[in-house]
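To keep things clear, I will list the structure first and then write my remarks on it.
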Amino acid sequence: MTMDAALAGPGIAEPTAEAVQRVLRFNRTQRLVHWVQAITFLILLATGLAIGISGLQGIIGNRALLRETHLIAAFLFVFGPSLVALAGNRRSIKDDASEVDAWTPEDVQWLAHPTTRPETWTPMVRRYNAGQKLNAIFTVYATLAFGVTGLILWQNRRFPFGIVSQANVIHTDLAYIALAVFLGHLYLSAIHPTTRESLNGMIRGTVDRAWARTHHPGWAPALQEAPLRFESVLRSLAMLALGLEASLLAVRLGFEWLGANATDPVTKLIYRFSGLPGTLHHQAAGLHQFDLAALIWLGLLAVALVAMTRAEDLLPRLMPAARN
Amino acid sequence: MPPRPQTFKVGRAAFLGLSGLTGAALLLGNRIPNAFSLLSGGTNVNGFTIYTIAGFPTFDPATYRLKIDGLVAKPREYTYADLLALPSVSEVRYYQCVTGWVVPRPRWHGVRLWDLIQAAKPTAAARALRFTCMDGAYSESLTLDQAKPLDVLLAYGLNGKPLSRDQGQPLRLVVPGMYGYKFAKWVNHIEVIDRVVPGYWEQNGYDINAYIGRSNGL
């Protein structure tokens with residue numbers, strides 16, 4: 001069974017005419033990962049530019065609100081996509097990662113002559129072409145780099161001045177680079193006539209079969225997505241909630257080690273939502289404090305999440321009937 | 001599935017390489033001043049990023065006057081030479097901009113603000129100061145109590161040199177412990193008033209009491 005047939009799942013007896021014409025490019029998990037990061041990125045870009053460009057600041061004002069919006073969006077930007085991937089179809093995200101990781105000589109050829117008209121010259125492009133792979137690599141890298149430098153700027157009093165000012169330079173430079181990459185991505189996916197079919201893949205999930213054959217000849221697409229099952233949606237929502245709580249606790253543990261800044265409304269918010277029994281109150285938390293209760297809660301959540309992932313793999317084997 | 005073509009694990013290497021470069025820039029970049037600053041929203045002088053809301057006014061020592069008036073018994077006017085003739089003070093104080101960048105040890109040279117205010121003899125109703133600037137646009141505020149500390153200066157020099165035009169020549173307010181937007185540049189008028197009037201950025205949402213780490217949501 002190929003990877004894509006596995007994604008399509010069992011239970012597809014007769015493909016409809018629509019399914020023959022259109023093939024599945026991005027499943028629900030892949031689309032949701034993309035849109036969580038896309039929407040938070042746009043919020044971060046807008047608020048970031050408003051904070052960083054002093055001319056805009058005079059027009060918009062209310063720096064404190066911009067800053068809080070930026071921080072909350074940043075939290076979702078950093079943790080959101082991983083949580084969705086964890087609660088959704090992990091295997092498809094893992095396959096995406098291995099395809100982005102693995103480069104063939106054809107990818108190098110494609111980079112040497114990138115084209116948006118592959119019918120004129122077609123190296124054996126598989127699910128992703130080299131440009132799409134570079135975009136994915138940059139996105140993962142930028143998420144990490146924005147997250148680390150952003151954390152340093154947020155908790156700037158806890159870091160040496162040289163690191164803070166350098167974090168500011170990197171955060172700003174990276175924002176302009178990311179803006180350029182984003183505009184290119186937007187153009188190719190939504191505007192350029194020969195490539196904009198790919199936007200359908202990210203919105204509806206499917207792309208035109210002929211388009212897929214031209215642009216991704218080396219890719220064996222799936223026809224249809226497995227139907228949504230009530231219990232798997234329920235499990236995904238539960239995993240999202242547990243994952244969010246775990247991320248909040250992880251950030252909180254980091255803060256207590258750095259020394260949380262209790263005057264910061266976003267920090268207060270993190271403390272409120274991660275305030276499980278026995279954990280420190282934000283006013284009590286200080287520099288290099290060790291929050292044993294938060295660490296234990298984090299461990300329990302991790303165990304629960306792992307158990308839920310295992311259950312997904314084990315249950316169908318234990319109860320084959322449950323699959324239909 | 002067709003046999004997998006020969007592949008090279010490039011993605012992970014590219015990711016790790018980029019992350020490593022960024023980490024190195026983060027830890028070592030400040031040893032090479034501004035080596036990695038591509039587009040930091042302003043030019044950089046002596047470690048300061050330069051901002052202006054209305055261009056750079058021109059200073060002429062012959063016509064420049066610093067006026068101190070309002071709720072005072074003795075309104076005063078100083079020429080640039082008068083200011084230089086007053087007792088000179090130097091202060092080295094950490095400087096931080098509200099946007100995050102810092103200058104660790106700038107050395108300011110100037111006169112104590114409180115000396116000039118006292119010389120003008122504020123009346124009993126006086127509570128605050130309003131600073132306006134040669135560009136006709138920027139303004140700042142301080143309460144009288146905030147103006148009293150000995151390290152609050154009107155600076156005409158930085159790091160042993162006269163202030164440059166883009167850093168506020170001839171006179172710049174220096175309020176250690178507050179964010180950089182309090183450090184009004186090109187100051188030419190101080191009005192003594194009975195209540196605080198928010199300055200330019202303060203009308204746009206910045207905190208009036210701009211203490212580093214205790215304002216602006218930081």
#### Entry: Subset of region A:107-131 that is part of a helix (DSSP H, G or I) and surrounded by fewer than 18 Cβ atoms within 10 Å (Cβ to Cβ) - its residue that is farthest from the other protein chains (Cβ to nearest Cβ)
A:A112
### Task
Assess whether A:T139 counts as being hydroxyl-bearing (S, T, Y), within 30 Å of A:R22 (Cα to Cα), touching a strand residue (DSSP E or B) at 6+ places or on another chain (Cβ under 7 Å) and more than 9 Å from chain B (Cβ to nearest Cβ).
no
### Summary
Of the conditions (1) more than 13 Å from every other protein chain (Cβ to nearest Cβ); (2) in a loop (DSSP other than H, G, I, E, B); (3) touching a residue at least 24 places away in the same chain (Cβ under 8 Å), the single one that B:A124 does not satisfy is (3)
### Query
Does any residue of region A:42-55 turn out to be at pLDDT below 90, surrounded by fewer than 15 Cβ atoms within 10 Å (Cβ to Cβ) and within 14 Å of chain B (Cβ to nearest Cβ)?
yes
### Query
Just wondering, is there one or more residues in region A:258-268 that are in a loop (DSSP other than H, G, I, E, B), in contact with a Phe, Trp or Tyr (Cβ under 9 Å, 6 or more places away or on another chain) and among the aliphatic types (A, V, I, L, M)?
yes
### Query
Residues in region A:169-191: is at least one farther than 21 Å from B:G47 by Cβ and assigned to a loop (DSSP other than H, G, I, E, B)?
no
### Query
Within the bounds of region A:231-240, is there any residue that is in contact with a Phe, Trp or Tyr (Cβ under 6 Å, 6 or more places away or on another chain), closer than 30 Å to A:R310 by Cβ and not β-branched (V, I, T)?
no
### Scan of region B:188-218 for residues that are assigned to a loop (DSSP other than H, G, I, E, B), surrounded by fewer than 18 Cβ atoms within 10 Å (Cβ to Cβ), within 12 Å of another protein chain (Cβ to nearest Cβ) and modelled with pLDDT of 85 or more, ordered by number
B:P198
### Task
Just give me the residues in region B:7-60 being at pLDDT below 75 and at the interface with chain A (Cβ under 7 Å from one of its Cβ atoms), in sequence order.
B:G29, B:N30, B:F36, B:S37, B:L38, B:L39, B:S40, B:G41
### Query
Taking region A:155-181 on its own, how many of its residues are touching a residue at least 12 places away in the same chain (Cβ under 8 Å) and more than 9 Å from every other protein chain (Cβ to nearest Cβ)?
5
### Summary
Across region B:97-121, the tally of residues that are within 14 Å of chain A (Cβ to nearest Cβ) and either in contact (Cβ under 8 Å) with a residue 60 or more places away in the chain or outside any strand (DSSP E or B) (or both) stands at 8
#### Entry: Looking only at region B:152-167, and only at residues there that are buried (at least 20 other Cβ atoms within 10 Å of the Cβ) and under 13 Å from B:Y95 (Cβ atoms), the one that is nearest to the chain's Cα centre (by Cα)
B:Q167
### Query
Does any residue of region A:225-245 turn out to be touching a strand residue (DSSP E or B) at 6+ places or on another chain (Cβ under 6 Å) and not in a helix (DSSP H, G or I)?
yes
## Note on the structure
Pairing a residue in region A:20-45 that is farther than 16 Å from A:P227 by Cα with any residue that is of a type in the set (K, R) and not in a helix (DSSP H, G or I), where Cβ atoms lie under 9 Å and the two sit 6 or more apart in sequence or on different chains, gives A:R22/A:R204
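The values are calculated or read from the model by the stated rules, or taken from the named source; none is laboratory data. All values derive from a computational prediction rather than experimental measurement. Counting neighbours? That spans all protein chains shown, and the Cβs are built from the backbone with ideal geometry, glycine included.
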